[in-house]
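Working notes for the structure below.
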Amino acid sequence: MMLAEIGPHDYVDPDVPELVLSFPLEIVKPGQVLWNVGDGWNKRAWTPGSFFALPPNTASAWKAECTRRLLLMVVPTSTLKRVFGTSTPASFGDAFLPLSTDTFEDPFLQSLMLKLWQVSKASLRTDYLLADGLLTTMLSMLLQRAGTAEFNQKIALSPSRLKRVFEFVEAEIEESINVVDMARVAGLSSRHFGRAFALEIGETPHHWLMQKRIDRAKLLLLNSDFDCMTIAAKCGFASQSHLTVAMKNQVGVTPTRWRQFNRQN
C-alpha cells in the first residue's frame with residue numbers, strides 16, 4: 001500500500017499483472033477524470049471515499065484534470081491466488097473487470113481499507129494476522145461486487161463460437177472492439193466468455209486481441225509505407241502512443257525502430 005498525489009495527466013498505462021485498488025482521500029484540485037479500459041471512455045468527477053479498481057492484465061488510458069491524493073493498494077497475482085486458493089477465477093482480469101467501468105462507494109470497504117493501511121505500518125505478529133484477514137475480506141467483497149460468484153465452472157466455448165469470434169476480430173480489427181463485443185459475438189456474457197476463452201486459448205481475450213493488433217501492425221510496418229499514426233488507426237489502437245507502448249512492451253523497441261531493423265534484414 002502507498003500514499004500518492006496524482007496531478008493532471010494524459011497518458012496510456014500498459015497492462016500490469018497486479019490488481020490496483022484506488023481510494024481517493026482528498027481532491028486537492030477539482031476536475032474531471034476520463035479513463036478507458038477498452039470499452040470506451042468513462043467520465044467522472046472523482047470524490048473522496050470512492051473506489052476504483054483496475055484489474056490485472058488490463059491496459060488503460062487516462063485524461064485527468066484534477067489533482068487527487070490517493071491511497072493505493074497493489075495486489076500481485078500470486079497474492080490473489082494465495083487468498084482464493086481453489087476458488088481462484090480462471091482470469092483475474094475478467095473477474096474484476098466490471099469494477100473498472102465506474103467508481104463506487106462502500107462504507108464498510110472504506111473502513112477496511114483505512115484499517116489495513118494502519119496495520120500495514122505496524123510490526124506486531126497480531127498486525128500481520130489482522131492484515132491477512134482484512135485483505136481476504138476486501139478481495140472477497142470486491143469479487144462479490146463484480147458479480148463473480150462461481151469461479152471454476154467450465155463454460156463451453158465451442159469451435160463454432162471461437163470461429164465466429166476470430167472472424168469478427170479479423171473483419172473489425174480497425175475498430176475499437178473490445179471483450180464485450182467479442183462476448184456478444186460468442187453469445188456469452190462478458191464474464192463467462194472471458195473465463196471460457198482463457199480455458200480454451202490459454203490467455204485472456206484482452207491479451208489475445210492486443211496480440212492480434214500488434215501482429216497486424218508489424219505486417220503493415222514491414223509491407224507498407226504508412227506512417228505510425230495511420231498504422232495505429234488501421235490496427236485499432238487508441239493512438240500512436242498506444243501502439244508505441246504496446247510494441248515496446250512486446251519487442252523492446254518503438255514501431256519505427258522495429259521497421260528499420262526488420263526491413264534491413
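No other residue among 204, 230, 256 is β-branched (Val, Ile, Thr) and surrounded by 15 or more Cβ atoms within 10 Å (Cβ to Cβ) apart from 204. For region 110-148, how many residues meet the condition of being among the basic types (Lys, Arg) and in a loop (DSSP other than H, G, I, E, B)? So the answer is 1.
The residues on offer are 30, 48, and the sole one that is open to solvent by 50 Å² or more (accessible area, probe 1.4 Å), out of contact with any strand residue (DSSP E or B) (no Cβ under 8 Å at 6 or more places or on another chain) and either modelled with pLDDT of 90 or more or of a type in the set (Lys, Arg) (or both) is 30. The condition (being within 21 Å of the chain's Cα centre (by Cα) and either more than 21 Å from residue 26 (Cα to Cα) or open to solvent by 30 Å² or more (accessible area, probe 1.4 Å) (or both)) is satisfied by just one residue among 76, 107: 76. Can you go through 167, 174 and tell me which one is touching a Gly at 6+ places or on another chain (Cβ under 6 Å), at pLDDT 90 or above and open to solvent by 40 Å² or more (accessible area, probe 1.4 Å)? After applying the criteria, what remains is 174.
Only one of the listed residues (191, 216) is within 23 Å of the chain's Cα centre (by Cα) and touching a residue at least 60 places away in the same chain (Cβ under 8 Å). That residue is 191.
Of the numbered criteria (1) open to solvent by 50 Å² or more (accessible area, probe 1.4 Å); (2) touching a Lys or Arg at 6+ places or on another chain (Cβ under 8 Å); (3) under 30 Å from residue 181 (Cα atoms), the one residue 89 fails is (1).
Residues considered: 114, 124, 142, 199. Of these, the only one that is surrounded by fewer than 18 Cβ atoms within 10 Å (Cβ to Cβ) and modelled with pLDDT of 90 or more is 114. Residue 61 satisfies every condition listed in (1) more than 25 Å from residue 114 (Cβ to Cβ); (2) touching an Asp or Glu at 6+ places or on another chain (Cβ under 9 Å); (3) in a loop (DSSP other than H, G, I, E, B) except (3). Within region 92-104, restricting attention to residues that are open to solvent by less than 50 Å² (accessible area, probe 1.4 Å) and in a helix (DSSP H, G or I), the residue that is farthest from residue 208 (Cα to Cα) is 99.
Among the criteria (1) of a type outside the set (Gly, Ala, Ser); (2) buried (at least 19 other Cβ atoms within 10 Å of the Cβ); (3) assigned to a loop (DSSP other than H, G, I, E, B), the one residue 247 does not fulfil is (3). Does residue 56 satisfy the condition of being open to solvent by less than 50 Å² (accessible area, probe 1.4 Å) and within 22 Å of residue 207 (Cβ to Cβ)? It is true that residue 56 is open to solvent by less than 50 Å² (accessible area, probe 1.4 Å) and within 22 Å of residue 207 (Cβ to Cβ).
The values are calculated or read from the model by the stated rules, or taken from the named source; none is laboratory data. From a predicted model like this one, the values you see are computed outputs, not experimental measurements. Glycine gets a Cβ as well: all are built from the backbone with ideal geometry, and neighbour counts include every protein chain shown. Side chains are part of the model used for accessible areas, which takes the heavy atoms of the whole protein and leaves out ligands, DNA and RNA. Shrake-Rupley method; radii C 1.70, N 1.55, O 1.52, S 1.80 Å.
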